[in-house]
Amino acid sequence: MLLAPVRGRCNVPARQDARGTHAEPFCLERTREKGWVTLVDTIASWPVLRQLREGDPLGRGRAAQSPRSKALRPRIDEADHVVQSICPYCAVGCGQLVYVRDGEVMHIEGDPASPISRGRLCPKGQASKSYIQSPVRELKVKYRRPYGTVWEELDLETAMDMIADRVVETRARHWQDETEDGAPANRTLAIANLGGATLDNEENYLIKKLCVGLGIVQVENQARI
């Protein structure tokens, strides 16, 4: 038998059962006076009772909520504004909605307006917030010399000069004017380029032009692999 608590003071008179004893009606106010607060609150919070009392017989709505889940709010409620963007991780180009608060990215989710992804994002795209805010993101050039055991920091200008010198030296040492069959080659097979999926189309275009100009024919990108 399901007992519904009576709100307010209980004015229902006690009744006699078949044995002549008095049976008091179930009254929330009276049970509280008897110190049964914890028991009453526990019973009232049972899912079955809540499903019937709150009009949620399947337990898919309010009856399935806890006090904690009722207090939850989407993190995007605290955003100042939202910016449309493109996921940088592969060649698919899924649409993103970047939520910003106080000039910092606070959340990234799929853009339903994107005709490519239609609001979906893979785990890498969903976690691309860490691409700029990860506590382990490296912000300085790290270099470990041959046979070295530790990484040392270099300024960007020094690192770029080292890369340029090695490219020029390697290209000059391994340049091929002709193939083994005597056909024109004008290439070097000692240098290869592997681009990352975080490069956009414009950057990939410039890298390809540079490689062709240097005679580098082994050019690939992680997004295509």
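Filter region 155-196 down to the residues that are over 43 Å from the mean Cα position of the chain (by Cα), surrounded by 13 or more Cβ atoms within 10 Å (Cβ to Cβ) and in a helix (DSSP H, G or I) and list them by number.
If the condition is that a residue be over 43 Å from the mean Cα position of the chain (by Cα), surrounded by 13 or more Cβ atoms within 10 Å (Cβ to Cβ) and in a helix (DSSP H, G or I), then no residue fits.
Report, ordered by the first and then the second residue, all pairs with beta carbons closer than 9 Å, sequence separation of six or more or different chains, a first member in region 60-74 that is part of a loop (DSSP other than H, G, I, E, B), and a second member that is at pLDDT 75 or above and not small (G, A, S).
P74/H107
State which residue is farthest from the chain's Cα centre (by Cα) when the search covers only region 197-221 and only residues that are closer than 15 Å to G93 by Cβ and not in a helix (DSSP H, G or I).
So the residue we want is N221.
Test of understanding: among Y131, Y205, Y143, Y147, which residue is of a type outside the set (D, E, K, R) and on the phi > 0 side of the Ramachandran plot?
Y147
Within region 43-58, can one find any residue that is touching a helix residue (DSSP H, G or I) at 6+ places or on another chain (Cβ under 7 Å) and modelled with pLDDT of 75 or more?
no
Among the numbered criteria (1) in a strand (DSSP E or B); (2) modelled with pLDDT under 90, which one does L139 miss?
Going through the list (1) in a strand (DSSP E or B); (2) modelled with pLDDT under 90, L139 breaks only (1).
Among the numbered criteria (1) among the basic types (K, R); (2) modelled with pLDDT under 90; (3) touching an Asp or Glu at 6+ places or on another chain (Cβ under 7 Å), which single criterion is violated by K124?
Only one criterion in (1) among the basic types (K, R); (2) modelled with pLDDT under 90; (3) touching an Asp or Glu at 6+ places or on another chain (Cβ under 7 Å) is unmet by K124, namely (3).
Evaluate region 123-131: report whether one residue or more is farther than 16 Å from P88 by Cβ, free of Cβ contacts under 8 Å to residues at least 12 places away in the same chain and of a type outside the set (S, T, Y). Working first, answer last.
Step one: list which residues in region 123-131 are farther than 16 Å from P88 by Cβ, which gives none.
Scanning region 123-131, I find no residue that is farther than 16 Å from P88 by Cβ, free of Cβ contacts under 8 Å to residues at least 12 places away in the same chain and of a type outside the set (S, T, Y), so the answer is no.
Scan region 86-101 for residues that are at pLDDT below 90 and either of a type in the set (D, E, K, R) or in a strand (DSSP E or B) (or both) and jot them down. Quick ask: steps written out before the conclusion?
Step one: list which residues in region 86-101 are at pLDDT below 90, which gives 86-93, 101.
The answer is I86, R101.
Residues that are in contact with an Asp or Glu (Cβ under 8 Å, 6 or more places away or on another chain) and touching a residue at least 24 places away in the same chain (Cβ under 8 Å): does region 157-179 have at least one? So that I can check it myself, show each step before the final result.
First, pick out the residues of region 157-179 that are in contact with an Asp or Glu (Cβ under 8 Å, 6 or more places away or on another chain): none.
No, because not a single residue in region 157-179 is in contact with an Asp or Glu (Cβ under 8 Å, 6 or more places away or on another chain) and touching a residue at least 24 places away in the same chain (Cβ under 8 Å).
The values are calculated or read from the model by the stated rules, or taken from the named source; none is laboratory data. Everything numeric here is computed off the predicted structure, so don't read it as measured data. A quick note on method: Cβ atoms are made from the backbone with ideal geometry, for glycine too, and the neighbour counts reach across all protein chains shown.
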